[in-house]
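Heads up: the structure comes next, in structure tokens.
Every read-out reported here was derived from the displayed coordinates using simple, explicitly stated rules and does not represent laboratory data. Predicted, not measured: the structure shown is a model, and the values here were computed from it. Cβ placement follows ideal geometry from the backbone for every residue including glycine, while neighbour counts extend to all protein chains displayed.
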Amino acid sequence: MFFCTGSSLWSQSTAISKKAITLKRMIELNHFSPRPVDDSFSIFMFNKMIRATDPGGRLFTEADLKALSVYRTELDDDAGKKLGFFDLFKMLYKKALTRADSIINKQTQKPFDF
């Protein structure tokens with residue numbers, strides 16, 4: 001596979017990958033409460049991210065969560081190598097926000113009848 005070093009996509013992906021590796025090392029070695037970045041850490045971070053972005057459970061569909069759940073124990077493996085979870089999460093989150101926005105727009109087109 002050929003990557004052009006001038007490509008912004010390649011350099012952006014490389015920069016994110018390097019940051020992920022650095023973050024992983026910092027958590028394992030220098031965090032005030034160091035812990036291994038393993039499957040249990042991945043599950044913790046996965047759950048925390050879903051709760052933080054969709055606290056009421058109204059944005060993501062069951063299909064979205066099922067697709068994301070494939071990565072539930074893989075976040076520690078994903079860091080610095082490939083960004084499958086984060087790419088999928090970003091796409092599904094944007095889609096969920098667009099879906100919510102269209103529902104809100106549809107509901108607010110009619111006047112409220114109190």
Original post:
Once label points are set 7 Å from the Cα along Cα→Cβ at both residue 66 and residue 104, what is their separation, rounded to one decimal in nm?
Top reply: 2.8
Subject >> Too-long pairs where the Cα-Cα distance tops 19 Å, listed order kept, from 66/94; 66/95; 19/90; 18/66; 66/90 >> reply: 18/66
